[in-house]
C-alpha cells in the first residue's frame, strides 16, 4: 500500500506545509505544482520545484526546507490525524488474512508518527520509506523491493513463496500506479486524490472509491489470474 493519499488524507496538508516553507525563498507553490509531483520523495520534490523556479539550492538549504516542511506537517497532523474514513477497519480486517506492507516516498519520521498515533503499526509486516529506496515513483524499484520483503515476511511465517500475481499494489496517484505496473504487479487505484479515469489511464487494473468496501475475498475475485 502507498501511504499518503491511501492511508492518511494529507496530500493537501503536505502541499500547504511546502507552500509555507518555500515562500521565504521567493517560491509560490501552486496546488497544480504540488500534485504534478506526486510520487516524489522530499529531496526530489524540493529540487524539482527550485529548479523550475530557477533558484539555486545548496545541500544545507535543501535539508533546512525539508526539515521545516516536516515540522509544519507534524504540527498539523498531531492536532488532527487525517486518516481516511474506514481505513483503520480496512487494515485490521485485511491483515487477518493477508500480509500488509507500506511502500511510500514519505520520510520515515512522518510514517512512524502516524503509525504510532493511529496504533496501526502491528498490522504491517513491511514498511519501506524514502530512506530505504534511492529512486522515486514512477520508477518501479520501490515496489520490486516491497514485493521481495513481503515475500520474505510470508516465508518467515511458514508461507509459500509468492509469484507476482499474489501481490497487490494499492495506489492513489498515476505515478504510483505506473510504478506498480512496471514492477509487474496488479494495481488497485483508489480515487482519493485524482479521478478514476486518470488512474485507469495510468494502468490501474481496477479502481475503487473507498478501501473499506473491499475484503480479502473481493481482492481474490477481482484480481484472480
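Just so you know, all these numbers are worked out from the coordinates, no wet-lab data involved. These figures come from a predicted structure and were not determined experimentally. Glycine also receives a Cβ, built like all others from the backbone with ideal geometry; neighbour counts cover every protein chain displayed.
Data overview
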read-out: Whole-angstrom gap from segment 1-70 to segment 116-167, using each part's C-alpha centre; value: 25
read-out: Fully extended contour minus Cα-Cα distance, from residue 92 to residue 156, at 0.36 nm per residue; value: 21.0 nm
read-out: Beta bridge orientation in segment 82-212: antiparallel %, DSSP, nearest 5; value: 0
read-out: Globularity ratio of segment 144-212, using Cα Rg and 2.2 N^0.38 Å; value: 1.18
read-out: Sites residue 28 and residue 134 - FRET efficiency at Förster radius 22 Å, r taken between beta-carbons, to 0.05; value: 0.15
read-out: Rounded if a/c under 1.5, otherwise prolate or oblate - segment 100-225, Cα gyration tensor axes; value: rounded
read-out: MRE, 222 nm, helices only [DSSP H, n ≥ 4, -39500 (n - 2.57), over the chain, to nearest 500]; value: -14500 deg cm²/dmol
read-out: Nearest 10 degrees, 0 to 90: helix 59-79 Cα axis against the chain principal axis; value: 60
read-out: Residue 163 versus residue 62: modelled label distance in nm, points set 7 Å from Cα along the beta carbon direction; value: 4.2
read-out: Length-normalised contact order of the chain in % [C-alpha pairs under 8 Å, at least 6 apart]; value: 21
read-out: Helix axis angle, 42-52 relative to the chain longest principal axis, alpha carbon, degrees; value: 50
read-out: Relative contact order (percent, whole number), segment 1-120, Cα cutoff 8 Å, 6+ residue spacing; value: 42
read-out: Kirkwood Rh, angstrom, the chain [1 / mean 1/r, Cα pairs]; value: 18.0
read-out: Within a Gaussian network of the chain (alpha carbon springs, distance under 10 Å), most fluctuating of 119, 189, 101; value: 119
read-out: R0 of 30 Å, Cβ-Cβ distance residue 148-residue 195: FRET efficiency to nearest 0.05; value: 0.40
read-out: Relative contact order (%) - criterion: Cα under 8 Å, at least six apart; region: segment 168-224; value: 30
read-out: Cα gyration tensor shape of segment 64-139, rounded if a/c is under 1.5, else prolate or oblate by comparing a/b with b/c; value: oblate
read-out: Degrees separating the helix 108-118 axis from the principal Cα axis of the chain, which is the longest one; value: 60
read-out: Whole-number Å³ per residue for the convex hull built on Cα positions in segment 178-225; value: 74
